[in-house]
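Okay, so here's the structure we're looking at.
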Amino acid sequence: MDGTTKEAIALRVRAILAKIERAAARAGRSPASIRLVAATKSVSAPRIREAVEAGVRILGESRLQEALPKIEAIGARDGVSWHFIGRLQRRKVRSTVGLFAMIHSVDSLDLAMEIDRRAAAAGIRQAVLLEVNVGGEPSKAGFTPSGVAEVVQGLDELAHLEVKGLMAIPPLGEQPEAARLYFRQVRQLAHVLAGQGLQRVRMDELSMGMSQDYEVAVEEGATLVRIGTAIFGMRPA
Ligand SMILES: *Cc1c(COP(=O)(O)O)cnc(C)c1O
């Protein structure tokens with residue numbers, strides 16, 4: 001796949017939005033409840049701008065160092081916002097808080113507390129998602145499903161942390177359908193957590209689904225799908 005031409009990017013974005021719409025319709029959901037996050041790691045600023053021109057409004061970056069010049073170049077105007085979707089190191093929290101409209105990858109209580117502390121210092125509330133390692137894979141970050149249930153009460157106390165929901169990256173399967181049960185588990189976990197009488201913590205957002213399996217994710221309740229390859233083509237190895 002070659003994602004270099006502007007027309008190719010525009011066509012792909014349109015095709016993805018149409019597929020999201022159809023998947024939403026199959027599940028009886030409103031397409032307006034699902035937002036596309038373009039995963040832009042290793043994608044240059046000019047190509048990201050083409051995606052924005054094609055209608056993409058949320059840009060998801062995985063590494064702070066890579067994100068900084070792109071945010072500088074593209075900015076956060078015209079309804080464009082940046083989300084942080086990669087693994088976040090504690091020492092980078094200070095530079096990350098406030099720069100990104102949402103951090104999808106909060107994977108420990110310690111990290112959540114550091115974000116809260118830095119957000120307090122900046123006088124803001126930082127929107128975040130709790131990453132759940134739904135497949136229990138040792139190589140992946142995230143809370144275990146029972147671990148997330150254990151920390152939400154504590155997170156509810158943090159006045160500068162705005163927990164909006166959950167994020168998950170299921171094990172890579174051969175077929176998109178293989179992810180369905182994992183997506184469903186994430187939705188069910190959010191449902192259980194939402195019923196725990198929490199004050200600040202919300203469970204409105206489910207960030208799940210990537211190029212290979214986003215239609216299944218939408219059928220299972222995703223509100224944010226993070227898509228890279230299907231928009232920009234294969235990343236360099
Ligand atoms: C790269 C990345 C994606 C997008 O993956 P594709 O398979 O290219 O769509 C989604 N989420 C995260 C966290 C990523 O790092």
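The values are calculated or read from the model by the stated rules, or taken from the named source; none is laboratory data. All values derive from a computational prediction rather than experimental measurement. Cβ coordinates were reconstructed from backbone atoms using ideal geometry, including for glycine residues, and neighbour counts include every protein chain displayed. Areas reflect the complete protein model, heavy atoms only, side chains present, ligands, DNA and RNA absent. Shrake-Rupley method; radii C 1.70, N 1.55, O 1.52, S 1.80 Å.
For the reader, a short list of remarks on this structure follows.
- Shape category assigned to the stretch 191-237 from the gyration tensor of Cα positions, a/c cut at 1.5: prolate
- Computed across the chain, the Kirkwood radius stands at 18.0 Å (inverse of mean 1/r, all Cα pairs).
- The stretch 7-112, accessible area per residue, ligands and nucleic acids excluded (1.4 Å, Å²): 47 Å²
- Relative to the current alpha-carbon distance between ASP110 and GLU72, full extension at 0.36 nm per residue lengthens the span by 10.8 nm.
- FRET E, pair ALA32, SER139, Förster distance 45 Å, beta-carbon r, rounded to 0.05: 0.80
- Lys, Arg +1 and Asp, Glu -1 on Cβ, resulting dipole of the chain about Cα centre, debye, nearest 20: 480 debye
- In Å, descending, principal axis extents of the Cα set of the stretch 72-170: 38, 28, 24
- For the stretch 85-107, the residues whose amide N sits under 16 Å from a probe point set 7 Å from the Cα of GLU150 along the beta carbon direction are 107.
- Accessible-area composition of the chain, carbon plus sulfur, in percent [1.4 Å probe]: 51 percent
- Here the contact order of the stretch 46-86, divided by its residue count and restricted to Cα pairs under 8 Å and six or more residues apart, works out to 53 percent.
- D (Stokes-Einstein, µm²/s), Kirkwood Cα radius, the stretch 158-237, 1.306 mPa s at 10 °C: 117 µm²/s
- Whole-number accessible area per residue in Å² for the stretch 124-237, which is evaluated in the context of all protein chains at 1.4 Å: 44 Å²
- Take the Cβ atoms of HIS191 and LEU17, set R0 to 25 Å, and the FRET efficiency comes out at 0.40.
- Report summary: the helix-based calculation at 222 nm, which adds -39500 (n - 2.57) for every DSSP H run with n ≥ 4 and divides by the residues of the chain, gives -12000 deg cm²/dmol.
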